[in-house]
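The values are calculated or read from the model by the stated rules, or taken from the named source; none is laboratory data. All figures in this text were calculated on a predicted structure; none of them were measured in a lab. Counting neighbours? That spans all protein chains shown, and the Cβs are built from the backbone with ideal geometry, glycine included.
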Amino acid sequence: MAIMKGGELIAQYLVQEKVPYIFGICGHGNVGILDALYDVKDQLQLISPRHEQCAGHMADAYFRVKHKPVATLTSTGPGSANMVMSCATALSDSSAFLCITSNVPTSQHNRAPFQELYKHNQADFAQVMRPVVKRAFQPSRVDMLPLALRQAMDTMVTGRPGPVNLDIPYNVYQEEADVELPASSHIHRMHRPGASDLDVAATLDLLASARQPVIFIGHGATLSEAGPEITELAERLQIPVITSPNGMGAIPGDHPLALGFIGRNGAYPANEAGRRADLVITLGTRFDDRSSSSWHEGYSWNFPKTKLIHVDIDPQELGRNYAPTLGIIADIQVFVRQLLNALPERADIVAVNHAPWVAQVQGWQRQWETFVRPHFEDSTSPLRPEFVVGTLQKILPDDVILALDSGVHHNWFMQFWQAKRPQSMLNSWGYSSMGFGVCGVMGAQLAAPDRPCVAVVGDGGFTMAPYVLCTAVEYNLPVVWIVWNNFAWGAIRDLQYGLFNGREIGTAFYKGQSGERYNPDFAAWARACGADGYTVTRPQDLAMAVEQALKNKKPCVIDVHVDADVRPPSTGTWQLPPTPYKEPVYGQPWKP
């Protein structure tokens, strides 16, 4: 036991748990812990971006790349409120970080001091955070910190990962108590529950009777680092693999059995295989509306006619949207390894011939390639979206970490990008937060300093968070932002065109009433901040600009003017009730 201030205890505990970074912004409410962080700055580096939401997105992306959590720090009131978006983003996509927020002194609770929320309960900020975190703790004394810290760390990483909030009155940072550091948490030990023997046997029985099976993988597969096991299972049994956005890369995107994303803007082979399969083995994903064509039968899936094995570490996801034939609570890597270990005893499965099914799927792949590939070579100004995706696929190295923001560009990458490695394609999928890719790429760079980190972001999303350039320059982070510049909130403008007869309002960027398209000069903006900046309006200049940016190893913005009138071909559907859903542009729904 030792006499320690609360701030010292928190700093020492983060050092003990080998947390390398704390992303945060100063304020009167956290100066006490800032002083404690000064003493450990060689072991725990404070990275201070220019906005609290950015700190959260950086911590979120760090975890998605490294699978180790870091911490964030904010002051009382508005700074902490800015964390709501980044916590909601992380929670929706099963990503973890320790969100430390500050609150008013305990002696002033319920007296309405500066920045207290007191309408319904004293110092009620924890109530703000509860819907967007896995758990909220509010220790009000120094001697309550050891238990809260250990429980917070454990809660983040056990089961389905998620952010945890530690809301601390700022007198607790400075007050002292006779305390000791809590025992180490679970963050360095993976907890991997497996399936029961009966469930493994039932899975194998269903596999033995299937003739047209597919595997559907999501972020749960990525988080359990199950890519090698899934690839081995797919190869041994010759089963095609469909991926959700956060599952991309678990099986290499250019693998012959990899069909890509499914849903409205998915690849045609994925939708065709999904709706014609007789068995779907779902590993760590949840059938959201975009990956299931808003649950319309025959467009992406055909449940309940198709049999479903749903495996997830979170029991709440089993049966949320489709009742499974067999629901299994398990870690994905452990479960797939259990299947692989059991296969030698099941000659009936190994002998099943999936060659006719795979040949049919390969026919759909060739058909899709014939339809889409010609536009990848189109030389137009502004640039065609397919040309941009295709050029980046050729130029960026296989170990690139790609961070995507929300926007129409994301639809193009969902449809055509082939991630070669796991934990290398970062998406805000569940909450679709603008700013995640813009900010998160810096957290990815800190998690993987030896790998190129590139963010593809919309012009609207980038202008929400241009302060990232300051942070990248300050901390010498050689990230590259490729701005998909179509002079509009393009995804929403396309909805207006498609559903409201082109009655565009509030989605295009114009200068006054002139009708002249407007955006700032993003490249000049970057150079003003001390970063590199390039503008690309001709297709022949894109590869050169990207290669130069990677070679320079400096923060860089590449402003790419993209044709706003070319839209991804839909291969499934998506409904926004009460607006009707549309038929696919390519491919047809199928009902057995």
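Structural remarks
- Checking ALA126, ALA112, ALA136 one by one, the residue that is more than 33 Å from the chain's Cα centre (by Cα) and among the aliphatic types (A, V, I, L, M) is ALA112 and no other.
- Residue that is farthest from GLY530 (Cα to Cα), among those in segment 466-483 that are surrounded by fewer than 24 Cβ atoms within 10 Å (Cβ to Cβ) and hydrophobic (A, V, I, L, M, F, W, C): LEU477
- Meets criteria (farther than 11 Å from LEU339 by Cβ, hydroxyl-bearing (Ser, Thr, Tyr), without any contact (Cβ under 8 Å) to a residue 60 or more places away in the chain and assigned by TED's automatic domain parsing to the domain that holds ALA267) for THR231: yes
- Within segment 234-256, being in a helix (DSSP H, G or I) and in contact (Cβ under 8 Å) with a residue 24 or more places away in the chain holds for ARG236, LEU237, PRO245, ASN246, GLY247.
- Segment 517-553: number of residues that are in contact with a helix residue (DSSP H, G or I) (Cβ under 8 Å, 6 or more places away or on another chain), in contact (Cβ under 8 Å) with a residue 60 or more places away in the chain and of a type in the set (Val, Ile, Thr): 2
- Residue list for segment 180-199, filter: among the aliphatic types (A, V, I, L, M) and in contact with a Phe, Trp or Tyr (Cβ under 8 Å, 6 or more places away or on another chain): LEU181, ALA195
Conditions tested, residue by residue: (1) in a helix (DSSP H, G or I); (2) buried (at least 20 other Cβ atoms within 10 Å of the Cβ); (3) of a type in the set (A, V, I, L, M); (4) in contact with a Cys (Cβ under 8 Å, 6 or more places away or on another chain).
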site: CYS26; (1), (2), (3), (4): no, no, no, no
site: ILE33; (1), (2), (3), (4): yes, yes, yes, no
site: ASP42; (1), (2), (3), (4): no, no, no, no
site: LEU46; (1), (2), (3), (4): no, no, yes, no
site: HIS57; (1), (2), (3), (4): yes, yes, no, yes
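- Extreme residue, farthest from LEU233 (Cα to Cα), among residues of segment 294-338 that are small (Gly, Ala, Ser) and in a loop (DSSP other than H, G, I, E, B): GLY298
- Considering segment 485-579, the qualifying helices (runs of 4 or more DSSP H), each wholly inside and each with 2 or more residues that are within 27 Å of the chain's Cα centre (by Cα), under 22 Å from SER379 (Cα atoms) and not β-branched (Val, Ile, Thr), run over 542-552.
- Those residues of segment 465-475 which are of a type outside the set (Gly, Ala, Ser) and either in a strand (DSSP E or B) or under 13 Å from SER48 (Cα atoms) (or both), in sequence order: TYR467, VAL468, LEU469, CYS470, THR471, VAL473, GLU474, TYR475
- Looking across segment 257-289, the residues that are of a type outside the set (Ser, Thr, Tyr), in a loop (DSSP other than H, G, I, E, B) and over 21 Å from GLU386 (Cα atoms) come down to LEU257, ALA277, ASP278, GLY284, ARG286, PHE287, ASP288, ASP289.
- Pick from segment 204-231, criterion part of a helix (DSSP H, G or I) and more than 25 Å from the chain's Cα centre (by Cα), ranking: surrounded by the most Cβ atoms within 10 Å (Cβ to Cβ): LEU207
- Tally, over segment 355-389, of residues that are at pLDDT below 95 and in contact with a Lys or Arg (Cβ under 9 Å, 6 or more places away or on another chain): 5
- Residue ID - surrounded by the most Cβ atoms within 10 Å (Cβ to Cβ), chosen from residues in segment 339-354 that are among the small types (Gly, Ala, Ser) and either in contact with a Cys (Cβ under 9 Å, 6 or more places away or on another chain) or at pLDDT below 95 (or both): ALA347
- Filter pass, VAL15 being over 27 Å from LEU469 (Cβ atoms) and surrounded by fewer than 22 Cβ atoms within 10 Å (Cβ to Cβ): yes
- Residue selected from segment 1-24 under the condition outside any helix (DSSP H, G or I) and among the small types (Gly, Ala, Ser), by the criterion farthest from SER80 (Cα to Cα): ALA2
- Which listed residue, of ARG366, ARG373, is more than 26 Å from LEU233 (Cα to Cα), part of a helix (DSSP H, G or I) and free of Cβ contacts under 8 Å to residues at least 60 places away in the same chain: ARG373
- Hits in segment 418-445 - residues which are surrounded by 24 or more Cβ atoms within 10 Å (Cβ to Cβ) and either over 13 Å from the mean Cα position of the chain (by Cα) or aliphatic (A, V, I, L, M) (or both): ALA419, MET425, LEU426, VAL438, VAL441, MET442, ALA444, GLN445
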